[in-house]
Amino acid sequence: MSIRKIAAVYSLLLLSAIPLSAGEQSFSDEDIAYFERKIRPLLSERCYSCHSTNAKVVHGELRMDTSAGLLQGGESGPLLIPGKPEESLLITAIQYEDGMEMPPKGKLPAAEIAELINWVKRGAPMPPVTEQIAQPARQIDIEAGRQFWSFQPVQEHSLPEVKLAEWPKQRIDHFILSTMEQNGLSPTAPAERATLIRRLTFDLTGLPPTPEEVQAFVANDSPDAYRELVERLLASPQYGEKWGRMWLDLARYTDFTASWLEQPGEAYFYRDWVVQAFNADMPYDEFVHRQLATDLMEETGPEDMPALGLISLSPTYWKELKLPSELIKVIVADEWEERIAAVSGTFLGLTVACARCHDHKSDPITSEDYYALAGVFASTRSIGRPMIPEAEYAPARAAIAEVAKLEEEAKKLNAEIAKVEKAAKEAAKKAQEAEQQAAEQKAETDSSQDNQTEAATPAATADAQPDLKQQVASLTERIQKLKETPHYSDPLASALSEESMTVERAGATPQDGTRLDYHDKPLDLPLFSRGDPNRPGEIVPRGFLKVLSSEPRTFTQGSGRLELAQAMTSDAAPLLARVIVNRIWLGHFGRGLVNTPSDFGVQGDRPTHPELLDDLAARFIANGWSIKWLHREILLSATWQQSSHPSADALSKDPSNLWLSHMNRLRLDFEPWRDAMLSASGVLDLSMGGKSSSLDEPGNKRRTIYGSVHRREMSTTLLMHDFPDPTQHSPKRSQTITALQGLFLLNGPLLTEQAKHLVTRLEQEFPGQNEKQIDRAYWLLMSRSPTDQERTLALDFVGEASGEERLSRWQQYAQVLLATNEFLYLD
């Protein structure tokens with residue numbers, strides 16, 4: 001039997017590259033936020049005067065203030081071809097090509113043209129067609145804004161009445177069942193125990209259970225068996241790796257950035273700190289405080305310095321100091337915007353960065369709010385800091401500074417030596433030429449004397465070299481001794497300092513370039529007109545969002561980072577709790593109670609179960625902001641323990657399973673999928689922490705969380721499997737099905753290599769015993785025995801071959817099993 005035949009038998013199980021159905025383009029929350037921050041303000045300022053509802057005359061029958069108008073175009077034809085800027089009329093016009101010149105009063109700045117090209121290249125993301133791009137100018141009513149659902153105080157709710165009173169196991173279940181019954185649905189049966197342990201083990205650790213663990217759990221009829229399993233997995237070190245990776249998506253974690261950009265400190269310390277914090281069940285309010293301001297907290301020590309990586313590992317942009325200061329100011333302001341977008345989205349589920357150029361178009365967030373927060377980040381600098389007390393590290397810091405100074409001196413001396421040696425070589429060459437010329441002219445005494453004079457020149461010039469080289473040798477010796485200072489070579493954590501930066505012209509004219517200076521005083525920013533730092537307005541004191549503050553809250557302690565963190569866990573505590581509770585729910589069910597996990601504002605989705613979210617958030621705070629408490633509440637519920645097989649009624653009434661009448665079938669992200677292969681093959685290295693290494697590196701058997709992430713040069717393997725972009729905050733993973741993924745399954749080195757390892761393991765455990773090896777393979781990969789049909793098919797395929805033929809067939813068979821949907825999905 002050929003591999004093609006067995007592959008056909010398993011065709012219903014294999015991951016297929018099914019094309020997405022045609023229809024209206026949908027965009028991610030990040031795409032829409034990008035439009036709101038970058039494109040909407042640009043169109044408003046440059047285009048709306050002639051191409052909007054409010055224009056006196058709509059020129060060319062083109063409206064650019066609605067999504068429908070942008071997509072339809074005007075009398076000249078369609079304006080955009082998403083993904084193809086070179087074919088888009090808009091780009092042709094703003095580039096002043098083919099006789100078209102828009103806007104007619106003058107060509108846009110190069111940076112704005114580049115932004116519009118990038119927008120179209122990304123697919124021209126914009127709000128849905130039914131939504132207006134331009135909205136009437138309005139005065140934000142903060143008090144009215146506070147009435148929005150996500151800004152309300154949290155409270156525990158009384159349990160709703162339900163008909164199926166015996167079903168609920170946790171408070172969660174009462175709310176879920178009540179909504180289910182209101183929609184004419186009922187819960188499905190509980191999941192089988194083998195399914196449950198596989199689902200739970202992946203859910204909490206990102207790894208599969210061993211066959212022995214599955215069999216023991218299935219055989220254990222103790223009423224406490226499931227609860228004990230939850231506790232054991234929560235206590236596993238691998239728990240922090242699984243859930244820490246969720247947080248790293250939000251934090252746009254990267255190990256490396258572009259080589260021309262400065263990256264202070266070692267990134268992996270932050271990753272390891274996050275993993276440890278989850279394992280230790282650090283209270284979430286403390287988790288927030290430490291990531292924003294652990295260096296300003298008396299109760300934390302230098303070992304917590306890596307927590308600041310959330311900010312210090314932020315994307316940075318190249319600042320070419322030969323450029324005019326006006327351009328550098330824009331680059332720096334863009335960095336502040338990125339910090340605000342990441343921090344507000346991660347902790348508060350708000351798109352505060354949309355208020356850089358104007359008041360937020362939908363949420364009660366003013367431009368003053370934006371610049372109050374921007375001042376905090378403008379008063380903060382990313383640096384490398386030690387993870388030992390500063391006094392203990394001081395000698396090493398002094399030695400590092402002295403070494404830098406001495407190395408600069410040595411560099412100058414070596415340059416001088418090179419200069420002397422070059423002069424000596426040139427003089428020697430001249431002397432040789434003179435001797436040759438003298439010989440050819442058969443000159444006598446006078447010529448001979450001249451030659452001696454020339455020949456003496458290089459020797460005299462080179463006389464200075466021994467002295468210079470002796471100086472360099474002396475400096476090298478001093479440098480080497482300084483490098484022996486204790487802690488000199490200690491790696492530093494990527495952290496923060498209380499420093500603000502000013503951007504000034506280096507000379508009298510823009511052509512003189514730019515000078516960057518750092519100061520130890522905090523910086524209140526002016527409100528930039530249209531977000532342009534070269535058009536400053538009134539100064540805005542550093543502070544917190546007005547809509548989340550019971551009274552105006554300005555920051556006066558240094559940069560304000562600690563005050564910001566404290567405001568989040570006090571004034572904004574209800575919103576902070578709702579957002580993280582929703583993220584954990586998303587991690588367990590594949591969909592949040594709010595399906596826009598980083599947008600709890602007006603444009604975001606409303607919760608499917610508002611009272612449940614409110615109740616969970618209130619009790620989460622009351623239980624000490626414990627993430628593990630929250631896991632228990634969810635995992636011990638009847639809701640989460642349901643089977644993933646929906647009834648016909650559920651498929652008809654609730655095809656998206658909003659009301660959770662069954663468990664969602666979940667596809668593994670790339671990390672647990674790869675880790676499960678390594679685990680089943682018996683080669684997984686469970687060592688924790690430390691520097692990352694490339695996933696493509698031969699012999700890399702560590703968990704995928706320790707694979708290198710490069711911000712500018714992402715691994716092809718990661719990109720292919722929907723790994724989030726580390727240049728931006730990523731609230732949830734996208735899932736695609738592509739032909740490249742299918743080719744990777746068939747021909748990629750990962751599956752080929754792990755199939756070999758799996759076969760080696762099976763042969764070691766059951767040498768030459770096909771039937772036992774088949775059974776063992778199913779238990780390792782699917783947590784069950786093969787059916788009679790599956791066993792027969794496998795035996796027919798591997799046959800009675802021996803030697804290389806047997807090995808080849810087994811490896812092909814193992815690769816098919818690794819590529820099955822059953823291995824890739826959780827029921």
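When both region 757-784 and region 36-89 are represented by their alpha-carbon centers, they are found 61 Å apart. Computed over region 647-789, the percent of Cα pairs more than 25 Å apart is 45.
Rank-order 379-387, 197-205, 266-274 by packing density, defined as the average count of other C-beta atoms within 10 Å over each peptide's residues, highest first.
On the way: 379-387: 20.9, 197-205: 22.9, 266-274: 24.7.
Peptide ranking by packing, descending: 266-274, 197-205, 379-387.
Set the bar at 30 Å for Cα to Cα. Now go through K628/K732; K84/K732; K481/K521; K419/K691 and name every pair that lies beyond it. Display every interim value, and only then the final one.
Details: K628/K732 20 Å; K84/K732 27 Å; K481/K521 36 Å; K419/K691 42 Å.
Result: K481/K521; K419/K691 exceed 30 Å.
A simple packing score, the average count of other Cβ atoms within 10 Å per residue, orders the peptides 785-793, 291-299, 68-76 as 291-299, 68-76, 785-793, with the highest score first.
Between helix 171-182 and the chain there is an angle of about 60 degrees, using the helix long axis and the longest principal axis of the Cα atoms.
In terms of Cα to Cα distance under 19 Å, which lysines are near enough to K756, apart from those fewer than 8 places away along the same chain? Excluding near neighbours in sequence, the set is K701, K772. When only the Cβ of Lys, Arg, Asp and Glu is charged (+1, +1, -1, -1), the dipole of region 215-259 relative to its Cα centre reaches about 200 debye.
Pairs to check: K163/K653; K329/K361; K422/K469; K107/K361. Give those whose C-alpha atoms are more than 23 Å from each other in this structure. Write down the numbers at each step before the final one.
Numbers: K163/K653 19 Å; K329/K361 25 Å; K422/K469 15 Å; K107/K361 27 Å.
The pairs that break the limit, which is 23 Å between Cα atoms, are K329/K361; K107/K361.
For region 111-212, just say rounded, prolate or oblate: build the C-alpha gyration tensor, square-root its eigenvalues into a ≥ b ≥ c, call rounded for a/c under 1.5, and beyond that prolate if a/b exceeds b/c, oblate if not.
On the way: a/c = 2.80, a/b = 1.50, b/c = 1.86.
The shape class here is oblate.
Model label sites at E192 and Q441, defined 7 Å from Cα along the beta-carbon direction, differ in position by 10.5 nm. Say R0 is 25 Å: what FRET efficiency, to the nearest 0.05, do A404 and K425 get from their beta-carbon distance? Efficiency at R0 = 25 Å is approximately 0.20. Treat the chain as a sphere of radius equal to its Kirkwood radius over Cα pairs and apply Stokes-Einstein at 4 °C in a medium of 1.567 mPa s; give the translational diffusion coefficient in µm²/s, rounded to a whole number. Roughly 42 µm²/s, to the nearest whole number. Inter-label distance, Q470 to D224: 8.2 nm, where each label sits 7 Å from its Cα along the C-beta direction.
Please report the relative contact order for the chain, taking Cα pairs under 8 Å with a sequence separation of at least 6, and give it as a percent rounded to a whole number.
Details: 1281 pairs, mean separation 154.5, N = 827.
Normalised by residue count, the contact order of the chain is 19 percent.
Think of region 703-780 as a dipole: +1 on every Lys or Arg Cβ, -1 on every Asp or Glu Cβ, centred on the Cα centre; then among H710, M720, N747, H710 lies furthest on the positive end.
Taking label points 7 Å from Cα along the Cα-to-Cβ direction, R791 and A506 give a separation of 7.7 nm. In percent, rounded to a whole number, the relative contact order of region 678-827 is 20, using alpha-carbon pairs under 8 Å and six or more apart. For the pair R122 and S570, a Förster radius of 30 Å applied to the C-beta separation gives a FRET efficiency near 0.20, rounded to the nearest 0.05.
For the pair S236 and K411, a Förster radius of 41 Å applied to the C-beta separation gives a FRET efficiency near 0.20, rounded to the nearest 0.05.
Per residue, the accessible area of the chain comes to 46 Å² when a 1.4 Å probe rolls over the protein heavy atoms. Cross-link partners of K412 among aspartates and glutamates, defined as those whose alpha carbon lies under 19 angstrom from its own and excluding same-chain residues fewer than eight positions apart: E402, E421, D463, D467, E477. When +1 charges are put on Lys and Arg Cβ atoms and -1 charges on Asp and Glu Cβ atoms, the dipole computed for region 653-693 relative to its Cα centre reaches about 120 debye.
The values are calculated or read from the model by the stated rules, or taken from the named source; none is laboratory data. Worth saying up front: this structure is predicted, and the values here are computed from it rather than measured. Cβ coordinates were reconstructed from backbone atoms using ideal geometry, including for glycine residues, and neighbour counts include every protein chain displayed. Note: areas computed on protein heavy atoms with side chains; ligands, DNA, RNA excluded. Shrake-Rupley method; radii C 1.70, N 1.55, O 1.52, S 1.80 Å.
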